[in-house]
Amino acid sequence: MVLKKVSAIEKEPLEMMDLPDPVPGPKEILVKVSACGVCHTELDEIEGRLQPKVPIILGHEVVGRVERLGTGTAKFSLGDRVGIAWINSACGKCHFCQDENENLCLEFKGTGCHANGGYAQYTVVSEEFAYLIPERFSDSEAAPLLCAGAIGYRDLKVSEIKRDQTLGLFGFGASAHIVIQVAKYWGCEVFVFTRNEEHRSLARRLGASWAGGPEDEPPKKLNCAIDFTPVGETVPHALKVLEKGGRLVLAVIRKRNSIPPLDYAEHLWDEKEIKSVANITRKDVQDFLHLAAEIPIIPEVQEFKLEEANKVLNLLKQGKIRGASVLRMRDP
Ligand SMILES: [Zn+2]
Ligand SMILES: [Zn+2]
């Protein structure tokens with residue numbers, strides 16, 4: 001499924017095309033894709049809030065099997081089940097890369113944005129940017145762990161949440177429904193803010209002690225909050241219900257609309273902080289896959305066919321996906 005030019009998702013811009021199988025270069029592996037998660041960031045790419053290189057094959061939650069090895073590869077064997085995440089490459093030399101902040105590398109490239117991704121039957125990737133998938137997950141369950149889960153894990157780390165503290169999750173999609181499982185495992189109390197009644201009931205089932213609307217007052221102030229919503233209005237509200245010294249983490253790459261003006265006294269005073277999360281490192285993905293298997297995380301997954309990608313993305317935009325959505329590939 002190829003995106004040729006930036007367009008509203010309602011116009012169903014992804015096109016099914018027959019392309020030659022990609023060939024792995026030196027240190028690359030060819031992966032036969034079995035499942036690829038659908039992420040909200042893809043809406044930002046399709047609609048131009050993020051600039052993908054076009055034409056592009058989207059998809060950065062890729063699960064498949066190693067089908068061919070390029071020259072000089074050493075990490076995997078044929079048939080290994082691997083995952084590919086948002087980080088497709090980084091330079092490895094700049095000070096960000098050297099300080100374990102490769103997510104901030106000036107040459108950072110995203111899978112399905114600057115390099116072809118997993119909305120396809122085959123894809124290639126550098127072996128250094130692929131990960132073995134823990135056995136306990138099915139292909140479809142593993143897909144959302146690679147972005148929704150791994151970036152959610154980074155959000156939690158950046159929030160610096162501690163045991164017994166209160167965590168607010170604004171929006172309850174693919175990422176939040178995994179984050180809540182980690183936060184509960186870490187002994188945090190979780191409050192969920194979403195308009196969607198179905199999302200609220202999933203949140204309660206996964207251990208939220210309270211679920212309300214985006215403007216509601218939670219029963220306790222929040223030590224940390226993570227904002228997964230694509231809208232700007234959430235920011236002042238989340239800051240308002242933060243505890244003194246609390247931190248708000250912005251999890252999305254782009255907001256659909258601007259953040260309303262903040263009032264210093266109401267929103268920022270008392271040492272409140274705002275921090276965004278940019279991209280992800282290989283270590284985040286690797287650490288999270290281990291943690292996910294240990295907990296274990298149980299992703300709620302809705303499966304679709306590859307050719308239904310436009311439909312799924314429209315449902316995602318309308319907030320009609322429960323948990324995470326995954327495209328399943330058929331054999332060519
Ligand atoms: Zn993503
Ligand atoms: Zn770098």
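General observations
- When residues of the stretch 80-93 are limited to those that are away from ligand 1 (no atom under 16 Å from the Cβ) and part of a strand (DSSP E or B), the one nearest to D44 (Cα to Cα): S89
- Here E47 passes the criteria (1) open to solvent by 20 Å² or more (accessible area, probe 1.4 Å); (2) away from ligand 1 (no atom under 16 Å from the Cβ); (3) of a type outside the set (K, R) except the one numbered (2).
- V63 aliphatic (A, V, I, L, M), more than 16 Å from ligand 2 (Cβ to nearest atom) and open to solvent by 10 Å² or more (accessible area, probe 1.4 Å): no
- Selection status of A35, crowded, with 18+ Cβ neighbours inside 10 Å, of a type in the set (G, A, S), under 23 Å from D287 (Cβ atoms) and within 16 Å of ligand 1 (Cβ to nearest atom): yes
- Considering the stretch 179-195, the residues that are out of contact with any strand residue (DSSP E or B) (no Cβ under 8 Å at 6 or more places or on another chain) and in a helix (DSSP H, G or I) include one that is nearest to R205 (Cα to Cα), namely Q181.
- Checked against the criterion of being at positive phi, crowded, with 23+ Cβ neighbours inside 10 Å and of a type outside the set (A, V, I, L, M), the candidates G207, G149, G187, G171 yield just one match: G171.
- Failed item, numbered, when T123 is tested on (1) under 17 Å from the mean Cα position of the chain (by Cα); (2) open to solvent by less than 10 Å² (accessible area, probe 1.4 Å); (3) within 16 Å of ligand 1 (Cβ to nearest atom); (4) within 24 Å of T73 (Cα to Cα): (1)
- S201 vs. criteria open to solvent by 10 Å² or more (accessible area, probe 1.4 Å), farther than 18 Å from G37 by Cβ, in a helix (DSSP H, G or I) and not basic (K, R): yes
- Residue in the stretch 221-234 that is more than 19 Å from the chain's Cα centre (by Cα), open to solvent by 30 Å² or more (accessible area, probe 1.4 Å) and touching a residue at least 40 places away in the same chain (Cβ under 8 Å) present: yes
- Among (1) touching a residue at least 40 places away in the same chain (Cβ under 8 Å); (2) not in a helix (DSSP H, G or I), the one test that R163 misses: (1)
- Pair list, Cβ < 7 Å and 6+ apart or interchain, from the stretch 132-150 residues that are closer than 19 Å to R322 by Cα and at pLDDT 95 or above to residues that are among the hydrophobic types (A, V, I, L, M, F, W, C) and within 16 Å of ligand 2 (Cβ to nearest atom): C147/W86; A150/I280
- Failed condition for P218, given (1) of a type outside the set (S, T, N, Q); (2) open to solvent by less than 20 Å² (accessible area, probe 1.4 Å); (3) within 19 Å of D155 (Cα to Cα): (3)
- Taking the criterion of being within 16 Å of ligand 1 (Cβ to nearest atom) and in contact with a His (Cβ under 9 Å, 6 or more places away or on another chain), the residues of the stretch 94-120 that qualify are F108, G110, T111, G112, C113, G117, G118.
- Checked against (1) hydrophobic (A, V, I, L, M, F, W, C); (2) in a loop (DSSP other than H, G, I, E, B); (3) farther than 26 Å from I178 by Cβ, A265 passes all but a single condition, namely (2).
The values are calculated or read from the model by the stated rules, or taken from the named source; none is laboratory data. These numbers come from a predicted model, not from an experiment. Neighbour counts are summed over all protein chains in view; Cβ atoms, including those assigned to glycine, are modelled from backbone coordinates with ideal geometry. Side chains included, ligands, DNA and RNA excluded: accessible areas come from the protein's heavy atoms. Shrake-Rupley method; radii C 1.70, N 1.55, O 1.52, S 1.80 Å.
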